[in-house]
Amino acid sequence: MTVIDYMHGKVPGTDSGIEIHHSMCDICTPGMQCGLDAYVKDGKIIKIEGTEGFPVSSGKLCTKGAGNRQFVYREDRILTPLKRVGERGEGKFEPISWDEALDTISAKFLEVREKYGADKAAFYSGYSKYYRFMLRRFAGAYGTQNYGTESSACFTSGWMAWQVASGREMGMDMGNAELLIGWGANGFHSRYPMVRNEIRNKQNRGMKIMIVDPRITPASQRLADLHLRPHLGTDGALALAIAHVLIENGWVDLPYIEKYVHGFEEYKAYVQQFTPEKGEELTGVPAKDIIAAAEMIHSSKGICIPESSTLGHHRNGMQNYRALMSLLIITGNVDRKGAQLPTVFSFMERPSGFSTHEEEFMDEKYPEDAPKAIGADEFPLWYHIRKDMQANRLADNILKQDEHSVKVLLALGMNYRMFTEDNKYIEALKKLDMFVDVDLFMTDTAKYADIVLPACSSLEREQFISYPGGMVWYFPKAIEPLGESKSDPEILSLLARKMDLDDDLLKAGYEACVRWIIRDLSLDLDEMKTEKPVKLPGFKPYEIGSSLEKGLPTPTGKLELYSEIIASHPEWGLDPLPTYTSPYNPDPEAYPFQLCAGARIPNALHSRLHDVPWERSLLPEPSVEMSPEDAEALGIELGDDVEIITNIGSLTFKAIPTATIMPGDVFIYHGYREKDINSILDGDNLDPYTGFPAYRSAYCNIRRIS
């Protein structure tokens, strides 16, 4: 196979000295990973475009991707290792050498392990994510189970729900589906390439679309044949009510259920109480629309549901997931053409259709006999499936200051504002013996670090990635790393050598680790250093139906509506059926409004882009959206200052009355440092199945400030 040189040539027909270098956007990693054309002159990016013919993105970029040049050259880029000289949080640092930084970190972490035990260290990954297989192994080689990520509150809840039901990850056969149920999905703001290149094309060929979202969104307006608008956090009740209609009318696949499904009778008995009328009472969705949804499902051959992390952001989040997945199970839409298909995570939890040794790589050094990870006892199902710490309990662990408390923390891309009641994380970071943060920018979290190490962007590094359909790529640097910044894997390898961890692979570096993980693929890594992603020779798509016939990796070998994993652990206090509980309101009279914090906007992802001028200009002020009816009742007009009050505290936002919001709901976008909504969300309002916070079904009151 011909290997194409990393340098992809000058702009045709010019003598400008401008060269086009191919790279990948890593801002919303590892979701879309869209292709970039970086126009480079004199070693500096002057323009960014999408790469034509690229998998997933097909040459188009969203607002986030289009801002990559400003992202790379932000004024607060960290260009050298830094050592804190002021108080934690002041942001006062002095430059130091890499040698001094590595020596200081290594000495402290080794000292803590020797004096107190390896479990007194924690390792955390925020954004980016591409190095996580190395960081997890690093934590294991050091000797601790306290490895955690922002996946403590991301898509993992849905993945766990499928693990409980099927023992497998699941993807979509959207190309053959007749119905797509976009439950909590608004791809125009979070997965635009999927909307543009896949959903729209399929819709033009006859696929129906059901959108389930409390708001009116671009997806509901432009895509939906049916739009259901449940109250926040009531998705499970809606799914169970739809299931009631399907079962009562005989619109389920009984032969499929008999052969492949476990626990249907128990599930059926539980669902009987969720009549369409009861569903309307619980969710606010009219009974006639619940029936219409069931009819749409019944009339469709091939139904799939795209993964949406939003569904897990409730106290009842994982059970909500299980309830809606059960609709696919009882209608025979798992491991069938046009339905949800079993898959495997090829690399970085991306289902690309082929297996690698990534799990083996991460687990090889896992310290099984070490003290259990933080949160393991409180969230036993999470620990049973993930074996990671539940990072939403990291601050509590540190603040206890007892014999179990973490003393040192190495974090890569940590954003404490992602956590609810996040002021606790500020106090926790202050109490650490050492906090090391790796990032591109001087973030609010980095200001609390003792040592800050400069990372580089995707345009400044090489990286292996994979895409669905057996596509692989080892892409090149578009430019050299700015200043003294290094890739996250290089930093981990340097630390592994400095600490002399018992791990030759980690010491050898990123490329050596990737080669080990993908060693059985039909292409060598060097053959993946191409202009664009290439398909693995001999790649064979998944054989539909094969997992059901062979038996699934569940205790019964079947799809489980009644989870035997959960049933076998009554001490967990969890329900084997996908039961429904209402969102938690600490005081319904004091907090009559439901609050959703964190709905996606097209120009931001968490806090990552609020300091990029192009992106910030699209929504410069932290705002709260509410219905016109609520605004009128409270005497609130556009642009008024309003106070949002929760059981934790209060903040002031600019009001935006909008007809896209239902009465009783308020929506606030998170990540703004000046008005941090997560700081007044209850840090104990967590899903007992996963430990996920209730970002999207909290409760509050609203007061106009005169």
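Read-outs throughout are calculated quantities, based only on the coordinates presented, and are distinct from any laboratory measurement. Just so it is clear, the model here is predicted, and its values are computed rather than measured. Cβ sites come from the backbone with ideal geometry, for glycine too, and all protein chains shown count toward neighbours.
Indicate the gyration tensor shape class of the range 593-704 (rounded, prolate or oblate), computed on the Cα atoms with a ≥ b ≥ c the square roots of the eigenvalues: a/c under 1.5 is rounded; otherwise a/b larger than b/c is prolate and the rest oblate. Oblate. Using the Kirkwood radius built from alpha carbon pairs, what does the Stokes-Einstein equation give as D for the range 169-343 at 10 °C and 1.306 mPa s, in µm² per second? Rounded, D is 99 µm²/s.
Which of the lysines could a cross-linker span from Lys60 if the Cα-Cα distance has to be under 17 Å and same-chain partners fewer than 8 positions apart are dropped? Partners found: Lys47, Lys532. Residues of the range 198-242 with the amide nitrogen closer than 16 Å to a label point 7 Å from the Cα of Thr579, along Cα-to-Cβ, please. Counting backbone N atoms under 16 Å from the label point, the list is 236-237, 240.
Separation of the range 655-696 from the range 558-578 is 30 Å, based on Cα centroids. Let me know the shape class of the range 315-354, please: from the alpha-carbon gyration tensor, a ≥ b ≥ c as square roots of the eigenvalues, rounded when a/c is under 1.5, otherwise prolate if a/b is greater than b/c, or oblate. Cα axes put the range 315-354 in the oblate bin. Here the peptides 573-585, 426-438 are ranked by packing, the mean other Cβ count within 10 Å, and the order with the highest first is 426-438, 573-585.
Determine the distance separating the Cα centre of the range 217-288 from the Cα centre of the range 350-399; give it in Å without decimals. So the separation of the two Cα centres works out to 33 Å. Taking amide hydrogens as placed 1.01 Å from N in the peptide plane, the amide H of Ile209 sits under 5 Å from those of Leu180, Asp225, Leu226, each at least 5 positions away in sequence or on another chain.
By the combined test of axial Cα extent (at least 18 Å) and Kyte-Doolittle hydropathy (mean at least 0.0), the qualifying DSSP H helices of the chain come to 235-248, 317-330. Projecting the Cα atoms of Gly59, Gly143, His313 onto the charge dipole of the chain (Cβ charges, centred on the Cα centre) puts Gly59 farthest toward the positive pole.
For Lys337, a cut-off of 12 angstrom between C-alpha atoms picks up these aspartates and glutamates, skipping any fewer than 8 places away in its own chain: Asp173, Glu178, Glu543. The mean sequence distance of close C-alpha pairs (under 8 Å, at least 6 residues apart), as a share of the length of the chain, puts its relative contact order at 19 percent. For Met24, the residues 5 or more places off, or on other chains, whose built amide H falls under 5 Å of its own are Leu36. Its Cα centre serving as origin, the chain has a Cβ charge dipole (Lys and Arg +1, Asp and Glu -1) of approximately 1300 debye.
Using unit Cβ charges (K, R positive; D, E negative) and no other charged atoms, how large, in debye to the nearest 20, is the dipole of the range 593-704 about its Cα centre? That gives the range 593-704 a dipole magnitude of about 300 debye. In the range 19-72, Cα pairs under 8 Å separated by at least six residues give a relative contact order of 29 percent. Sequentially through the range 68-83, phi angles give Karplus couplings (6.51, -1.76, 1.60; θ = phi - 60°) of 4, 5, 5, 4, 5, 9, 4, 5, 9, 4, 8, 10, 8, x, 10, 10 Hz, Gly and Pro residues having no value and appearing as x.
Taking packing as the residue-averaged number of other Cβ atoms within 10 angstrom, the listed peptides 348-356, 630-638 run from highest to lowest as 348-356, 630-638. Amide H to amide H distances under 5 Å link Arg77 with no residue, where only residues 5 or more positions off or on other chains count and H is placed in the peptide plane. Cα centroids of the range 120-139 and the range 147-162: 15 Å apart.
Of Leu686, Pro620, Leu609, which is farthest along the charge dipole of the range 593-704 in the positive direction, counting Lys and Arg as +1 and Asp and Glu as -1 at C-beta? Final value for the positive-end residue is Leu609. Of the cross-linked pairs Lys268/Lys540; Lys41/Lys498; Lys529/Lys558; Lys447/Lys675, those separated by over 30 Å at the C-alpha level are Lys268/Lys540; Lys41/Lys498; Lys529/Lys558.
Would the chain count as rounded, prolate or oblate if I go by the C-alpha gyration tensor, calling it rounded below 1.5 in a/c and otherwise prolate when a/b exceeds b/c, oblate otherwise? In terms of gyration-tensor shape, rounded.
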